[in-house]
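Working notes for the structure below.
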Amino acid sequence: AGAVDTGLDTAYIAQRFRDYLAPGEAHHLRTTILREHEQPALHGAPLVSCLLYAGRLVPGQQTLLEEAVESFLRQDYPQKELILFNDQPEQVLMCDAPGVRVINTSSRCPSLGACYNAAAAFAQGDLLAPWSATSIHLPWRLSRSVASLNGHSVYRPTDCWYMLDGELDERPAQPDGGQVALFTREALRAVGGYP
């Protein structure tokens with residue numbers, strides 16, 4: 001528990017002491033402690049469910065998936081969960097990071113929209129945030145989006161930046177689709193879900 005409080009690498013510690021514990025006990029203890037140390041709920045702060053479709057990223061683009069999970073973990077907004085949705089029945093994804101729930105299905109969804117609708121069905125939050133694995137989500141994305149929602153049903157930033165061939169394009173541009181949006185569950189229902 002002290003490792004979590006001081007920000008030490010708990011995966012390394014669990015690995016280091018696994019030989020001194022029963023099989024699987026180090027992993028179980030680490031997971032339990034991480035869950036207990038998740039930041040307590042803020043009074044009145046809504047839960048944001050981030051929706052990440054992972055099915056076609058692994059194994060070829062697994063680093064993008066790992067970066068997307070890492071950027072979720074670095075968010076400064078405490079009331080969050082990540083629904084990592086995988087509809088590739090031939091692969092099973094696992095992640096024991098705090099706040100991350102992996103949904104592995106036994107069959108493919110008919111469309112990308114169906115994948116996001118299924119992920120939203122598993123989400124527990126009243127606010128939904130698409131979580132693109134090809135975008136960089138800065139640590140304040142969720143906190144700033146929740147503050148900017150300000151009683152509305154949908155928030156979408158007016159500007160974003162694109163990196164092309166490793167170079168940051170300095171011209172602000174419109175965000176592509178809803179990749180960086182935040183919206184209420186009711187707004188999703190009102191439009192009939194993802195097409």
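Among the residues here, Ala121 qualifies as over 15 Å from Ala54 (Cβ atoms) and open to solvent by 70 Å² or more (accessible area, probe 1.4 Å). The sole residue among Asp96, Asp126 that is charged (D, E, K, R), over 20 Å from Ser153 (Cα atoms) and touching a residue at least 40 places away in the same chain (Cβ under 8 Å) is Asp96.
Out of everything in the range 125-143 that is under 21 Å from Tyr194 (Cα atoms) and open to solvent by 80 Å² or more (accessible area, probe 1.4 Å), what residue ends up being modelled with the highest pLDDT? Top of the filtered list is Asp126.
When the residues of the range 144-183 are narrowed to those that are modelled with pLDDT of 80 or more and in a loop (DSSP other than H, G, I, E, B), which ends up least open to solvent (accessible area, probe 1.4 Å)? The qualifying residue least open to solvent (accessible area, probe 1.4 Å) is Ala181.
Taking the conditions exactly as written (at pLDDT 90 or above and open to solvent by less than 70 Å² (accessible area, probe 1.4 Å)), does Leu73 satisfy them or not? Here the answer is yes, as Leu73 does meet what is asked. The conditions of being in contact with a Ser or Thr (Cβ under 6 Å, 6 or more places away or on another chain) and of a type in the set (Phe, Trp, Tyr) are met by Tyr77.
Quick check, is Arg189 more than 23 Å from Leu65 (Cβ to Cβ), outside any loop (DSSP other than H, G, I, E, B) and not aromatic (Phe, Trp, Tyr)? When the stated conditions are applied, Arg189 passes them. Among all positions in the range 83-94, there is no residue which is open to solvent by 20 Å² or more (accessible area, probe 1.4 Å) and modelled with pLDDT of 95 or more.
In the range 54-70, the residue that is farthest from Ile136 (Cα to Cα) out of those that are at pLDDT 85 or above and charged (D, E, K, R) is Glu66. Within the range 129-173, being free of Cβ contacts under 8 Å to residues at least 40 places away in the same chain and of a type in the set (Lys, Arg) holds for Arg144, Arg156, Arg171.
The values are calculated or read from the model by the stated rules, or taken from the named source; none is laboratory data. None of these values were measured; they are calculated from a predicted model. Note that each Cβ is placed from the backbone with ideal geometry, even for glycine, and that neighbours are counted across all protein chains shown. Please note that ligands, DNA and RNA were not included when accessible areas were found on the heavy atoms of the full protein model with its side chains. Shrake-Rupley method; radii C 1.70, N 1.55, O 1.52, S 1.80 Å.
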